[in-house]
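Below: one structure, written as structure tokens.
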Amino acid sequence: MNHQQVAHLFAQQTKPKGTGHNLFFEGATIYSYGRHFAIATFVKNKKGEKAVLFTREGYSHSTETHKSYVRRALSGVPVFYGNPVPRYAEATDKAELRKSFEQYIKDAAKAAGKAKKARKYGATYLDEALALLTQAAKFSEFFGLRLKAPSMESLVSGDAQKLIETRAAKATKDAQKARDKAQAAEAARQADKLEEWRTGANVNIYATDANGSAYLRTKGDEVQTSQGAQVPLGHAKRAFRFVKACKEQGQAWHRNGSQVRVGLFNLDEVTPEGNIHAGCHFITWERIAECAQAGGFFGDAASSEAVENEAA
């Protein structure tokens, strides 16, 4: 599998393991290059609710790319960032969790200290400190630690914060102009790249339309998404007939005791309008119909044959 496919499969947790070239997962944990570098792991709290512990450490440029694939694939589950992930891959006792909580506070205090000294990027460091304190509070609540994160005011006085933000205002404005220019250039480049992908070129993209929907294309015996997933064409056609049935009947469907398998993945929801959710993917009926028309199966009769018992 390609690395994006591995990341999507890990996020859905429908298989015990999956392997790409340098990205693989075993059970609840996904690794880059080897077991020495865990990117993320699924854990549960005492209520049985799932969360993902995600590393803040780096390793190499390619590992950073792996991390971005995994982060994009995760949807609908709390994600907590910390270092290192292996520390709590198996142990979620309060001693280990307390260490992680305390590390958030230390990192927030460190960022606040940088904000006081920074000439240009004080506001950026303040944002980082606030994000870490917010993450600490959510972490404590999720795992039932009953530990309270300190306030921003206790790390940086109000006067100091105002001075930092004033000093950073011009730099922030100039930086935003530069970002806007760079984003416009990148948007144009990505638009060209997307058009190449839609016409069948082998280009690596991650793109959605203005509604947040992934694009689809038929290539050979597969249907591929613009978010790096691919499924067998036969499975896609069967799922299309079911989505078409939901749309024609104006009925929603949710994965709850029944399932619709599409390759290695499952649909999570079909709306009465024919839009679907599957893991991190949201795909509108417009994009589904567009793909079906291009693939020559838009005229297939609506059917619920794809629905099966989840235990199957």
Q.
Go through (1) without any contact (Cβ under 8 Å) to a residue 60 or more places away in the chain; (2) farther than 18 Å from Gln230 by Cα for Ser304 and report which single condition fails.
A. (1)
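May I ask you to list the residues in region 209-233 that are free of Cβ contacts under 8 Å to residues at least 40 places away in the same chain and among the β-branched types (Val, Ile, Thr)? Before the answer, list the steps.
Quick first cut of region 209-233, residues free of Cβ contacts under 8 Å to residues at least 40 places away in the same chain only: 210, 219-222, 224, 226, 231-232.
Within region 209-233, Val231 is the sole residue that qualifies.
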Q) Out of the residues in region 80-115 that are at pLDDT below 85 and more than 16 Å from Phe139 (Cα to Cα), which is surrounded by the fewest Cβ atoms within 10 Å (Cβ to Cβ)? A) Glu90
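Where in region 212-312 are there strands (runs of 3 or more DSSP E), lying fully within it, with 1 or more residues that are of a type in the set (Asp, Glu) and out of contact with any Asp or Glu (no Cβ under 8 Å at 6 or more places or on another chain)? Quick ask: steps written out before the conclusion?
Working: elements: 216-219, 222-225, 230-232, 258-262, 276-278, 281-283, 307-309.
In region 212-312, the matching strands (runs of 3 or more DSSP E) lie at 222-225, 307-309.
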Q: Taking the residues in region 40-66 that are farther than 17 Å from Gln135 by Cβ and among the polar types (S, T, N, Q) as candidates, determine which candidate is surrounded by the most Cβ atoms within 10 Å (Cβ to Cβ).
A: Thr63
Q. Can you name the number of the only condition in (1) farther than 17 Å from His235 by Cβ; (2) in contact (Cβ under 8 Å) with a residue 12 or more places away in the chain that Gln293 fails?
A. (2)
Q) Hey, any hits in region 8-18 for a residue that's over 22 Å from Ala214 (Cβ atoms) and hydrophobic (A, V, I, L, M, F, W, C)? A) no
Q | Complete set of residues in region 139-156 that are under 24 Å from the mean Cα position of the chain (by Cα) and surrounded by 16 or more Cβ atoms within 10 Å (Cβ to Cβ) | A | Phe139, Ser140, Phe142, Phe143
Q. Scanning for something out of contact with any strand residue (DSSP E or B) (no Cβ under 7 Å at 6 or more places or on another chain), among the charged types (D, E, K, R) and in the same structural domain as Ala301 (by TED's automatic domain parsing), does region 220-227 turn up at least one residue?
A. no
Q) Quick one: in region 121-176, which of the residues that are over 30 Å from Leu53 (Cβ atoms) and among the acidic types (Asp, Glu) is modelled with the highest pLDDT? A) Asp174
(Q) Looking only at region 116-138, filter to residues that are over 22 Å from the mean Cα position of the chain (by Cα) and hydroxyl-bearing (Ser, Thr, Tyr); which one of those is nearest to Ser100 (Cα to Cα)? (A) Tyr125
Q. Somewhere in region 15-24, is a residue out of contact with any Lys or Arg (no Cβ under 9 Å at 6 or more places or on another chain), aromatic (Phe, Trp, Tyr) and either at pLDDT 90 or above or farther than 21 Å from Phe143 by Cβ (or both)?
A. no
(Q) Can you confirm whether Lys46 is touching a Phe, Trp or Tyr at 6+ places or on another chain (Cβ under 9 Å), among the basic types (Lys, Arg), modelled with pLDDT of 90 or more and at negative phi? (A) no
Q. When you go through (1) within 27 Å of Val70 (Cα to Cα); (2) touching a helix residue (DSSP H, G or I) at 6+ places or on another chain (Cβ under 9 Å) one by one for Ala292, which number turns out not to apply?
A. (1)
(Q) Ala11 - would you say it is among the hydrophobic types (A, V, I, L, M, F, W, C), touching a Ser or Thr at 6+ places or on another chain (Cβ under 8 Å) and not in a strand (DSSP E or B)? (A) yes
(Q) Taking the condition of being modelled with pLDDT of 95 or more and of a type in the set (Lys, Arg), how many residues in region 25-43 meet it? (A) 0
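The values are calculated or read from the model by the stated rules, or taken from the named source; none is laboratory data. None of these values were measured; they are calculated from a predicted model. Glycine gets a Cβ as well: all are built from the backbone with ideal geometry, and neighbour counts include every protein chain shown.
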